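Enquirer: The structure under discussion is supplied below as structure tokens; questions concerning it will follow.
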Amino acid sequence: MNYRQQLLNSLLIAPASRATLAQQLGVTRAYMTRLSSELIAQGTIVEEGAQEGDFGRPHMLLALAQGRYYSISVMVRGYRLEAYLCDYACPTVTLAQCDHDFISAQSTAAVLHQLEQVIVQLTAAAHVSRQQLRHVGIALQGGIEQFSGVVRRCPLFQETQIAFKTQLGEQIGIDVAVMNIAWCSSVMIQRALPQLNSWLALLPGLGSLGYGLFLNGSVVLGDNGYYPEIVHLPFAGGMEKAFQPQQEQNALEALCFAICCTAPVHNLRHVVLAGEFFESAPDTLIPQLRQRLAQHPLEQMNTLDITWLRLGHNQSLQGLLTLSAEAVSACLT
């Protein structure tokens, strides 16, 4: 285990004492004292206030140093690009933001050029030097290899099979991650429902359907970290087209179809529903789904536990901001 990285990730959540961190990481207090002293000397963390400890003795709290390191998170849906610059110490607080709307699918060169302009604009707006920027995370729709950063296909790009992570990293000289938007939402689900060990998630937006699959506590990915997609399932009329306003019956049929095609494969007991579509759908939709599944003749289907998780409209963005901050932790170790 990389204890240095785990310590930094723990402090992303909240300041903590050395004693608390030692307990969380399963190390001795002496080791934690030595590790934290190194990080304080480097200016990565600071001592910040105190809390009452054992026998009334105060314990100094450790926190990430503000104004040292930054990340940029880029969310691309369709032809719209949204970018956010955040302080590593406050990863969910946006210091600068910019948007850009492409009018059609673009060449890789055009997207790379626009991303360079975005970085220049955000760092200037937040008065951040390029040297302080440690990571750029990009979430896209389509077929994404998350380990290699290859974009097999994406609505924004004219080309396919693009080594996007490599090309962007070489252009900007900064650590880069490329991921599927649904992965960002799945991260939020995993942390909101830590008691679930194995589950699948259906994440419908308006005109889209994300998917997530965890088995025995780990995400299931394909070749080179390919993030799984289910939009190509042969649902009549198209899976993504089912999730449109005023089409709740079609959405119900699509959800039933998707669950019946996926849950029995791994004998899953838990299905999590989250996504923008549910925020505007009638309150009767999910009860109807539960009723339909309860009437299914197969035990694997009629005993499924269906959980609706209200994460809000920005669930994927919050996940992306969190992943970008944790990527900075990795860069610092």
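Enquirer: Collect the residues in the stretch 160-175 that are within 19 Å of the chain's Cα centre (by Cα) and open to solvent by 60 Å² or more (accessible area, probe 1.4 Å), keeping them in residue-number order.
Expert: Hits for the stretch 160-175 are 165, 175.
Enquirer: Out of 25, 62, report the one residue that is closer than 30 Å to residue 176 by Cα, among the hydrophobic types (A, V, I, L, M, F, W, C) and touching a strand residue (DSSP E or B) at 6+ places or on another chain (Cβ under 6 Å).
Expert: Just a single option satisfies the conditions, and that option is 62.
Enquirer: On the basis of being over 18 Å from residue 113 (Cα atoms), among the hydrophobic types (A, V, I, L, M, F, W, C), touching a residue at least 24 places away in the same chain (Cβ under 8 Å) and out of contact with any Leu (no Cβ under 8 Å at 6 or more places or on another chain), does residue 200 make the cut? Walk me through how you get there before you give the answer.
Expert: Details: over 18 Å from residue 113 (Cα atoms): yes; among the hydrophobic types (A, V, I, L, M, F, W, C): yes; touching a residue at least 24 places away in the same chain (Cβ under 8 Å): yes; out of contact with any Leu (no Cβ under 8 Å at 6 or more places or on another chain): no.
In short, no.
Enquirer: Only helices (runs of 4 or more DSSP H) wholly contained in the stretch 238-332 count here; list those with 1 or more residues that are under 16 Å from residue 182 (Cα atoms) and open to solvent by less than 50 Å² (accessible area, probe 1.4 Å).
Expert: By residue number, 248-262, 276-280, 315-331.
Enquirer: Another question about this same structure. Look through 279, 229, 326, 240 and report the one residue that is at pLDDT 95 or above, among the acidic types (Asp, Glu) and on the phi < 0 side of the Ramachandran plot.
Expert: On the way: 279 fails: at pLDDT 95 or above; 229 fails: at pLDDT 95 or above; 240 fails: at pLDDT 95 or above.
Among 279, 229, 326, 240, only 326 is at pLDDT 95 or above, among the acidic types (Asp, Glu) and on the phi < 0 side of the Ramachandran plot.
Enquirer: What number of residues within the stretch 215-255 satisfy the criterion of being in contact with a Ser or Thr (Cβ under 8 Å, 6 or more places away or on another chain) and within 14 Å of residue 273 (Cα to Cα)?
Expert: 1
Enquirer: Within the stretch 176-227, how many residues turn out to be hydroxyl-bearing (Ser, Thr, Tyr), outside any helix (DSSP H, G or I) and crowded, with 17+ Cβ neighbours inside 10 Å?
Expert: 4
The values are calculated or read from the model by the stated rules, or taken from the named source; none is laboratory data. Please read all numbers here as calculations on a predicted model, not as lab measurements. Note: ideal-geometry Cβ built from the backbone for every residue, glycine included; neighbour counts use all protein chains shown. Surface accessibility is based on the protein's heavy atoms, side chains included, excluding ligands, DNA and RNA. Shrake-Rupley method; radii C 1.70, N 1.55, O 1.52, S 1.80 Å.
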